[in-house]
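One structure is given here, and the rest of the page talks about it.
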Amino acid sequence: MSKVSVLVVDDAPFIRDLVKKGLRNSFAGMQIEDAVNGRKAQALMMKEKFDLVLCDWEMPEMSGIELLTWTRQQESMKSLPFIMVTSRGDKENVVQAIQAGVSDFIGKPFTNEQLLTKVKKALQKVGKLEAALTGSGVVRAQTGLINDSLSALTGGRPQTAAAASTPAPAAAVRPAAPSGPAGASAPPGGRGQGQLRLASGTQHCVIKALSLKEALLVVRRTEVLPQILEGAVLDLEQGDNAEVARLNGYLHAIAAFEPKPDSDWLQLTFKFVDQDAQKLDYISRLIARGSVQKHFVPGA
């Protein structure tokens, strides 16, 4: 029985590695290739036959939606399972992808369990699931992180978010400014506001500082604590036109914001993994407008 071949397309190395490790840990009978953008993926798809494509939306040179449109124009790829892995959950984006022929969505941030559920569903539809599982033994239902070493680093916290059929629209996840119980400290001052989307839910955050590589955020402490190396999406809305940038990344550092063990607030260093020129330009404009500090030292 030939191996199932999967193509992972994303301009962010962190996301590509996350997806590939998750697949390799669960599907022994799977061959995995990757590409940094739609143009590179297109070249691979013209040379090799794939059974499944997992593709980011926003990429340089050729976006995910452009690659999807091209794929459906190829007679041999009209029924190829094509899953969009994206932080674009707005209704108009979902409709656009459906009209272009997308098979399914995985919303960023995602858990390993959500990834495997979508992949199994797609492979089952085309009769490739059994081949992908061949030699895997018992597939472990890891619900948080990619492997045991990473789980050990982050405390092995189980994720609580259930897999959704489509990403939640961004407009539906705009909670009001956090308000804690009586006696809790007031929200710390900051240079901007945003929404931090974690697998366990969405949190309002205060942006203390911003650079082209990372953001220093403050969030209210909740019962489920965020974890180091956890993937996340930061939604930034700034300016008179309410521009929104969805920045993909991971939590690089977590500390108590107040000098006490029961601090009501946490300070998070959020590292960006996007290589998209438009997003970098947007961040540059935010910094130039003085909405946030131009430089900061994490942990200072």
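Numerical summary
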{"quantity": "Qualifying residue in the range 214-226 (condition: under 20 Å from Leu115 (Cα atoms) and either at pLDDT below 85 or surrounded by 14 or more Cβ atoms within 10 Å (Cβ to Cβ) (or both))", "calculated": "yes"}
{"quantity": "Test: Met1 is farther than 14 Å from Asp276 by Cβ, surrounded by fewer than 24 Cβ atoms within 10 Å (Cβ to Cβ) and modelled with pLDDT of 95 or more", "calculated": "no"}
{"quantity": "The range 231-283 - residue that is of a type in the set (Gly, Ala, Ser) and assigned to a strand (DSSP E or B) and, of those, modelled with the lowest pLDDT", "calculated": "Ala245"}
{"quantity": "Subset of the range 1-47 [farther than 16 Å from Leu80 by Cβ and in contact with a Ser or Thr (Cβ under 7 Å, 6 or more places away or on another chain)]", "calculated": "Met1, Ser26, Phe27, Ala28, Gly29"}
{"quantity": "Residue within the range 85-94 that is farther than 18 Å from Val244 by Cβ, outside the structural domain of Leu236 (by TED's automatic domain parsing) and touching a residue at least 12 places away in the same chain (Cβ under 8 Å) present", "calculated": "yes"}
{"quantity": "Flag for Lys47 being over 18 Å from Arg88 (Cα atoms), free of Cβ contacts under 8 Å to residues at least 60 places away in the same chain and under 17 Å from the mean Cα position of the chain (by Cα)", "calculated": "no"}
{"quantity": "Neighbours by Cβ (under 8 Å, 6+ apart or cross-chain): first from the range 243-268, free of Cβ contacts under 8 Å to residues at least 12 places away in the same chain and not assigned by TED's automatic domain parsing to the domain that holds Lys213; second of a type in the set (S, T, N, Q) and in a strand (DSSP E or B)", "calculated": "none"}
{"quantity": "Members of the range 31-78 that are among the aromatic types (Phe, Trp, Tyr) and at pLDDT below 95", "calculated": "Trp57"}
{"quantity": "Enumeration of residues in the range 108-127 that are at pLDDT below 90 and assigned to a loop (DSSP other than H, G, I, E, B)", "calculated": "Lys108, Pro109, Phe110, Thr111"}
{"quantity": "Whichever residue in the range 179-213 is of a type in the set (Lys, Arg) and either at positive phi or part of a loop (DSSP other than H, G, I, E, B) (or both) and, among such residues, is modelled with the highest pLDDT", "calculated": "Lys213"}
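The values are calculated or read from the model by the stated rules, or taken from the named source; none is laboratory data. For clarity, every value in this text was computed on a predicted model and none was experimentally measured. Because the Cβ atoms are built from the backbone with ideal geometry, glycine has one as well, and the counts that use them run over all protein chains shown.
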